[in-house]
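Only the coordinates and a few stated rules stand behind these numbers; no lab work does. This is a predicted model, so every value here is computed, not measured. FYI the Cβ positions are ideal-geometry reconstructions off the backbone, even for glycines, and counts take in every protein chain you see.
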Amino acid sequence: METQPDQLPPPPGLVASMIRGFETVANHIAIILPPVLLDLFLWLGPHLRLKAFLQPIIDRIPSMANAFPSTFPNATTLQEMWTSLADRFNLFMILRTFPIGITSLLSFKFPNQTPLGSPVGWDAGPLAGIIGWGMLLALAGWLVGSFYYYSVSNAVVKPLEHFFWRSMKQTVLLSFIWIGVLFVFGMPILLFVSVVSIISTFLGQLMLFIVALLLIWLLMPIFFSAHGIFVSQMDAMRAILNSLRMVRFTLPNTGLFLLVFVIINIGLNFLWGSSPENSWLLLVGIAGHAFVSTALLAASFIYYRDINAWLAIVFEQLQRQARSAKI
């Protein structure tokens with residue numbers, strides 16, 4: 001659409017980006033394989049338990065309840081809850097890394113039954129073994145997550161040169177930056193919420209909800225930091241700064257895009273995960289989730305590329321208008 005010389009062009013359309021994202025994945029259907037394979041592994045593959053580490057703590061809950069009755073008013077319920085968690089928890093869920101990683105339907109569901117029966121259980125061992133497994137799985141998650149993002153961005157952007165290994169290094173650096181920021185700001189907040197929860201359960205839940213909203217608001221400006229690495233081949237810090245700049249100048253449009261992104265993703269996840277974990281119907285949910293989440297990721301790459309191109313045109317036109325006004 002042509003615009004007048006003194007008229008700014010309209011920003012990229014949200015619906016158009018979404019439609020093109022789904023079309024991109026439909027034309028490159030193989031790129032949904034990573035999330036499909038990850039969910040199949042978390043469902044049908046072996047589970048890495050923390051039973052040996054957690055069981056001594058679970059066994060001590062009754063004695064701690066006797067020593068501190070006000071802190072542990074429902075010791076039996078608490079013991080049953082932690083026993084169930086120890087039986088279901090799967091450390092392989094760390095393979096779903098953040099902020100860059102393969103999307104997964106089952107990483108936080110901890111399925112404990114399959115159509116083939118109970119999955120094989122391994123134990124991570126003592127604390128040192130858990131830390132070792134955690135570091136190894138996080139590195140593996142960042143590696144395969146980088147490949148997933150690289151594949152989706154290639155389907156959208158088609159770069160002139162291959163830069164996977166450079167992108168992977170920047171992915172790891174970006175992840176450490178995110179972890180550091182969340183640790184520095186998150187730990188004091190979590191301690192505060194824990195203290196409030198001891199005083200009042202209701203106030204603790206209310207504070208947790210407020211903190212979740214605040215966290216979403218704070219992370220929104222750097223949501224597109226990964227996109228700068230894979231679309232524009234930036235380093236981690238430049239990608240974060242570019243994301244901040246982009247969201248700052250396009251907040252209403254970008255905020256609406258992210259809202260729709262989250263609503264579609266979370267809303268459909270309830271549908272995809274509605275099948276029983278011991279039914280083969282869950283395969284439909286896994287495939288549906290992989291397709292939609294990958295299409296949304298492709299749409300975000302398309303939106304990032306188009307909104308930055310639009311910003312470049314807007315800034316150039318504004319500079320031209322400013323020069324004309326001085327003459």
Could you list V262, V172 in order of exposure, starting from the residue whose Cβ has the fewest other Cβ atoms within 10 Å? V262, V172
State to the nearest 20 debye the size of the charge dipole of the chain about its Cα centre, where the only charges are +1 on K and R beta carbons and -1 on D and E beta carbons. 620 debye
How big is the gap, in Å, between the Cα center of the range 109-146 and the Cα center of the range 231-262? 32 Å
Before rounding to the nearest 500, sum -39500 (n - 2.57) across all DSSP H runs of length at least 4 in the chain and divide by the residue total; then give [θ] at 222 nm in deg cm²/dmol. -24000 deg cm²/dmol
Report the label-to-label distance for S274 and L241 in nanometres (one decimal), using points 7 Å from each Cα along the Cα→Cβ vector. 4.8 nm
Going fewest to most other Cβ atoms within 10 Å around each Cβ, E316, E23 line up as E316, E23
To the nearest 10 degrees, the tilt of helix 127-157 (Cα long axis) against the first principal axis of the alpha carbons of the chain is 30 degrees
Please give the helix 164-199 orientation as an angle from the longest Cα principal axis of the chain, in degrees from 0 to 90, rounded to the nearest 10. 50 degrees
Mean Cβ count within 10 Å, highest first, over the residues of peptides 282-291, 141-150: 141-150, 282-291
Once both axes come from the Cα atoms, what is the angle between helix 14-27 and the longest principal axis of the chain, in degrees from 0 to 90, rounded to 10? 70 degrees
Per the Kirkwood definition applied to all pairs of different Cα atoms, how many angstroms is the hydrodynamic radius of the range 287-327? 12.4 Å
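At 10 °C and a viscosity of 1.306 mPa s, what translational diffusion coefficient does Stokes-Einstein give for the chain, taking Rh as the Kirkwood radius over Cα pairs? Give it in µm²/s as a whole number. Mind showing how you got there, number by number?
Details: Rh = 22.5 Å.
For the chosen part, D equals 71 µm²/s.
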Per 0.36 nm of contour for each residue apart, how much would the distance between W217 and Q55 grow if the chain were fully extended, relative to their Cα-Cα spacing? 54.5 nm
